[in-house]
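Novice: One structure follows; several queries about it will come next.
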Amino acid sequence: MWLPLLALIIGFVAVYLPSRHMHIPAEYIEYIGIALVAGFDSICGATRSYIEGHFNDRVFVTGFFTNTIVAVLFLYLGNSLPIKYVAVAIMVALFIRIFNNLGFVRRYLIARLFEKRISANESFPEP
């Protein structure tokens with residue numbers, strides 16, 4: 001569970017701190033946005049797989065970079081060909097995956113929360 005959080009922290013530091021002192025050309029902003037969302041999708045997927053008990057750090061690392069590179073390559077291909085709204089299509093696909101994974105995590109956390117409350121109430125029966 002610590003690897004996805006570590007990746008999130010390293011990614012934040014690697015992007016946020018240098019960006020305060022560095023100018024990023026406008027034509028790369030779209031690519032960076034897609035790469036960040038693809039990386040966040042991988043982190044959400046890793047969190048879900050950890051909860052399900054299937055987490056593998058090698059799969060996470062390779063999936064993180066592969067998803068990010070493929071998403072950026074699709075965007076580049078769409079921008080090279082005069083295809084409109086490729087970035088929107090990529091973002092929609094990634095956000096659907098993110099919301100599905102976050103929905104699973106939310107349902108899991110709610111189930112665990114209510115499980116704890118029920119077991120605490122059973123320990124202290126009312127007179």
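Novice: For the pair LYS116/GLU27, report the inter-label distance in nm, with labels modelled 7 Å from Cα in the Cβ direction.
Specialist: Between LYS116 and GLU27, the simple spin-label model gives 5.2 nm.
Novice: Calculate how steeply helix 26-52 sits against the longest principal axis of the alpha-carbon atoms of the chain, using the helix alpha-carbon long axis, and give the answer as 0 to 90 degrees to the nearest 10.
Specialist: 30 degrees
Novice: In addition: Which ³J(HN,Hα) values in Hz, rounded to whole numbers, follow from the phi angles of segment 96-107 under the Karplus curve 6.51 cos²θ - 1.76 cosθ + 1.60, where θ = phi - 60° and Gly and Pro get x?
Specialist: Couplings: 4, 5, 4, 5, 4, 5, 5, x, 4, 4, 4, 4 Hz.
Novice: Let me ask another. Compute a Gaussian network model of the chain, connecting alpha carbons closer than 10 Å, and tell me which residue from ALA93, ALA26, ALA46 fluctuates the most.
Specialist: ALA26
Novice: Can you tell me the length gained on complete extension of the stretch LEU5 to ALA89, counting 0.36 nm per residue apart and subtracting the Cα distance?
Specialist: 27.5 nm
Novice: Once amide H atoms are built 1.01 Å from N in the peptide plane, which residues 5 or more positions from PHE55, or in another chain, come under 5 Å H to H?
Specialist: TYR50
Novice: I've got another one for you. Add -39500 (n - 2.57) for each DSSP H run of 4 or more in the chain, then divide by its residues: what number comes out at 222 nm, to the nearest 500 deg cm²/dmol?
Specialist: -30000 deg cm²/dmol
Novice: Sticking with this one: For the chain, max minus min Cα coordinate along each principal axis, in Å, sorted largest first?
Specialist: Largest first, the chain extends 72, 33, 27 Å along its Cα principal axes.
Read-outs throughout are calculated quantities, based only on the coordinates presented, and are distinct from any laboratory measurement. Keep in mind that this is a model prediction, so the values were computed, not measured. As a convention, Cβ positions derive from the backbone with ideal geometry for all residues, glycine included, and neighbour counts pool all protein chains shown.
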